[in-house]
Amino acid sequence: MKIICIGRNYAEHAKEMNQPVPTEPVVFLKPETAVIKDNQPFWYPEFSQDIHHEVELIIRITKLGRYIAPEFASRYYDEIGIGIDFTARDIQAQCKAKGLPWEKAKAFDGSAPVGTFFPKTKFADLNAIGFHLDVNGKTVQRGNTKDLLFTFDQLVSHVSQYFTLKSGDYIFTGTPEGVGPVHRGDRLTAYLENEKALDFEVK
Ligand code: ZN
């Protein structure tokens, strides 16, 4: 399986990063070794002093597809989950300054904790799903899919022009504003609507 991530898909987050609002999706990948499941702890990596949380909704692909038209995109995913796109902000800044790829900052082992998935039929409107992240019980990020620059269907369609989507692939759909550092000992808890769907410790 592969993990496809979308950068700057909420205008307020692009703004806080001093980046322009994109005119087409910003796409990068993480390998399977980035995934953490079952609320296992995240081990703070030795190579960074500035790991940031980015809470994101995830769509899970359930069907092989390529060149998918937006009007058929919803047939290719059936579950929505929540996860963290951990980012080594210090490494990312070095990569950006040199115009180099982001993988060392974004795709390292454990950089993609993934929580419980829910059938998309649970949500009345996929374009109005609320979610939030608490760090040590305090809400630090709050998002709603009504603020997505590119909808789930548009993302599936766009990404499938470049990468064949396969059952089991994840698309991380971008983070809202409020990203910030985590520290050893922090507890991160993410909620989809108001349901706890991910809960783990930074070690
Ligand atoms: Zn992200």
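The values are calculated or read from the model by the stated rules, or taken from the named source; none is laboratory data. Note that this is a predicted model, so its numbers are computed, not measured. No Cβ is skipped: glycine too gets one built from the backbone with ideal geometry, and neighbour counts run over all protein chains shown.
Assorted remarks:
- The criterion of at least 2 residues that are of a type in the set (A, V, I, L, M, F, W, C), within 16 Å of the ligand (Cβ to nearest atom) and at pLDDT 95 or above is met by the following strands (runs of 3 or more DSSP E) wholly inside the range 97-203: 112-119, 130-135, 170-172, 187-192.
- Each residue in the range 9-28 was checked for being part of a helix (DSSP H, G or I), away from the ligand (no atom under 12 Å from the Cβ) and among the hydrophobic types (A, V, I, L, M, F, W, C), and 1 pass.
- Among residues of the range 70-96, those that are in a helix (DSSP H, G or I) and of a type outside the set (Lys, Arg), counted: 12
- If you go through the range 37-59 and keep only what is in contact with an Asp or Glu (Cβ under 9 Å, 6 or more places away or on another chain) and buried (at least 20 other Cβ atoms within 10 Å of the Cβ), you end up with Phe42, Ile51, His53, Glu54, Val55, Glu56, Ile58, Ile59.
- Flag for Ile80 being within 15 Å of Ile4 (Cα to Cα), within 15 Å of the chain's Cα centre (by Cα), away from the ligand (no atom under 14 Å from the Cβ) and surrounded by 13 or more Cβ atoms within 10 Å (Cβ to Cβ): yes
- Subset of the range 18-36 (residues that are surrounded by 14 or more Cβ atoms within 10 Å (Cβ to Cβ) and closer than 21 Å to Val182 by Cα): Lys30, Ala34, Val35, Ile36
- When we screen Ile61, Ile51, Ile6, Ile36 for residues that are touching a Pro at 6+ places or on another chain (Cβ under 7 Å), in contact (Cβ under 8 Å) with a residue 24 or more places away in the chain and more than 15 Å from the ligand (Cβ to nearest atom), the only hit is Ile36.
- Looking across the range 178-203, the residues that are surrounded by 18 or more Cβ atoms within 10 Å (Cβ to Cβ) and of a type outside the set (Gly, Ala, Ser) come down to Val179, Val182, Leu188, Thr189, Tyr191, Leu192, Leu198, Phe200, Val202.
- Residue list for the range 117-139, restricted to those being under 21 Å from Val202 (Cβ atoms) and buried (at least 17 other Cβ atoms within 10 Å of the Cβ): Phe131, His132, Leu133, Asp134, Val135
- Scan of the range 1-17 for residues that are surrounded by 18 or more Cβ atoms within 10 Å (Cβ to Cβ) and in contact with a Phe, Trp or Tyr (Cβ under 9 Å, 6 or more places away or on another chain), ordered by number: Ile3, Ile4, Cys5, Ile6, Gly7, Asn9
- Selection within the range 60-69 - crowded, with 19+ Cβ neighbours inside 10 Å and not in a strand (DSSP E or B): Ile68
- Residues that are touching a Gly at 6+ places or on another chain (Cβ under 8 Å) and of a type outside the set (Phe, Trp, Tyr), drawn from the range 107-132: Ala112, Pro113, Val114, Gly115, Thr116, Gly130, His132
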